[in-house]
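Each remark here refers to the structure printed beneath this line.
Read-outs throughout are calculated quantities, based only on the coordinates presented, and are distinct from any laboratory measurement. Just so it is clear, the structure is predicted and the values come from calculations on it, not from any experiment. No Cβ is skipped: glycine too gets one built from the backbone with ideal geometry, and neighbour counts run over all protein chains shown.
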Amino acid sequence: EHLALWGGRFTSGPSPELARLSKSTQFDWRLADDDIAGSRAHARALGRAGLLTADELQRMEDALDELQRRVDSGAFAPIEDDEDEATALERGLLAIAGDELGGKLRAGRSRNDQIACLIRMWLRRHSRIIAKLLLSLANALIEQSVAAGRTVMPGRTHMQHAQPVLLAHQLMAHVWPILRDVQRLADWDKRIDASPYGSGALAGNTLGLEPVAVARELGFSNVTANSIDGTASRDLVAEFAFIAAMTGVDISRLSEEIIIWNTQEFAFVKLDDAYSTGSSIMPQKKNPDIAELARGKSGRLIGDLTGLLATLKGLPTAYARDLQEDKEAVFDQVDTLEVLLPAFAGMVATMRFDHDRLEAEAPTGFALATDIAEWLVKHGVPFRHAHELSGACVKIAEGRGQELWDLTDEDFVDVFKDFLPADLAPQVREVLSTEGSVSARNGKGGTSPLRVREQIVAAKTSIETL
Ligand code: ARG
């Protein structure tokens, strides 16, 4: 069988150990449809170059149609001896078209330009599926943000209560990275929109084939400008792998938040039964497995990226067999995201927040201390002093086991005495509400209800124009 591809100068076939190592059909067979599409375009290019007669081209296209049908039905599949998807499909084509005609298709192309083209075709198609899934997730988050209304929650830095924020603001903070991931895919698509078909093994072809037409037929607007780059570069595959890994990381960070919010101690959110799992031993358990799987799988997505980068590092620039290792990395990423994202979006769409609890927790932990300081600034106190005065209020409250709004008028008068008249000091209470606190953060991008509404509209517009 090895004779089919390179028999001429060999006296023996590959050893069984080599065959086992070399074989890639177990993972690259998923490129079969793209390979056949490429063959069809290539056959037409051979026809235009006068290397297939009109009748031969017709029979070739019929044979490729039949091959596609056999692949679709499973009647044709790789066997043990096939090295890769291209080898297998060549065997399938020869069986249909005969050695004479079938043997003409390989002219002017190499598995090097073929495989470089196929991985681009396959990735572009799946990037669109992933972009759609990401947009569903973004939409689920936006709907939750709308439903959250003006509910306020504890905003945290270092996981400590920092300043109150709208629940909607916190949720929308996860929408933007996801939209950027989708934008990254769209931007990447412009770069990968070039077909390497016609690059041959590395140097181009001698047969007068026109790569532009092949590219158009395969959905590319351009042809790679350099045949060595076309066959040997994988930076665009790695860039996809980065976007997939980044997507995983973005979702993992949201997961971590959901997992914490879902604990008994936080009790900010409840997950729907259909998107939670139970325990085989503890009857009471309801676990956030989707979020945990997302967090866990993000590690795999990163591993796929770093593995691929390590493979590429140090490769001389023209095809080397190492490049075959690009595929499993991105196949794994795509498989992972295509299974993960629908479940994750379903979990997000159906989770229920405990608004009363969020509201009650929002101002605790002296989360309004910044508001006191900024209120003082508005009354002419330099911020450096305002910060200290507010800190003094916190100290008193903390010492008494109270919150800031429990301080008496006398407390405020006393603390502010070097800077404010006694009748003004107690008026600081006007900013000691979460509602006042969030509404005051009214600059663009801030957490005031007005700005958050504006933000939601902007996100929706951004999705429409994607
Ligand atoms: N299966 C290979 C790959 O995925 C393509 C075959 C190229 N083989 C070769 N000996 N040049 O990269």
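Applying a length cut-off of 30 Å (Cα extent along the axis) and a mean Kyte-Doolittle floor of -1.0 to the DSSP H helices of the chain leaves 111-148, 167-192, 235-261, 289-312, 326-350.
Would you tally the net charge around V146, using a Cβ to Cβ cut-off of less than 12 Å, leaving V146 out, and scoring K and R as +1, D and E as -1?
Values: positive: R150, R453, K460; negative: E143.
My count for the surroundings of V146 gives +2.
Let's test the formula: R0 of 56 Å, r as the Cβ-Cβ distance of F383 and D322. What FRET efficiency results, to the nearest 0.05? Display every interim value, and only then the final one.
Numbers: r = 58 Å, r/R0 = 1.04.
That pair, F383 with D322, gives E of 0.45.
For M159 and Q26, the FRET efficiency from 1/(1 + (r/R0)^6), where r spans their Cβ atoms and R0 equals 51 Å, is about 0.70.
Debye-formula intensities of the stretch 264-352, expressed as log10 I(q)/I(0) at q = 0.16, 0.22 Å⁻¹, are -0.75, -1.06 (one equal scatterer per alpha-carbon, no solvent). Neighbour counting of Cβ atoms within 10 Å sorts the residues K444, K104, fewest neighbours leading, into K444, K104.
Among the trypsin sites (Lys or Arg not before Pro) within the stretch 390-423, which fall in a DSSP loop and have no more than 15 other Cβ atoms within 10 Å of their own Cβ? Each step should come with its number before you reach the end.
Numbers: sites: K395, R400, K417; in loops: K417.
When the trypsin sites (Lys or Arg not before Pro) of the stretch 390-423 are filtered for loop state and at most 15 Cβ neighbours within 10 Å, K417 remain.
Treating each Cα of the stretch 3-107 as one equal point scatterer and applying the Debye formula with no solvent, the log10 of I(q)/I(0) at q = 0.10, 0.18 Å⁻¹ comes out as -0.29, -0.89.
Taking the Cα atoms of the stretch 112-360, the ratio Rg/Rh between the radius of gyration and the Kirkwood radius comes to 1.10. The modelled label-to-label distance for the pair D273/V457, using points 7 Å beyond Cα in the direction of Cβ, is 4.1 nm.
Within 9 Å, Cβ to Cβ, of D332, how many net charges do the neighbouring residues add up to if Lys/Arg are +1 and Asp/Glu are -1?
-2
Normalised by 2.2 N^0.38 Å, where N is the number of residues, the alpha-carbon radius of gyration of the stretch 369-432 equals 0.97. Against the compact-protein benchmark of 2.2 N^0.38 Å, the Cα-based radius of gyration of the chain scales to 1.37.
Amide H contacts of T277: N287, D289, each under 5 Å away and 5 or more positions distant or on a separate chain (H built 1.01 Å from N in the peptide plane; Pro and chain starts excluded).
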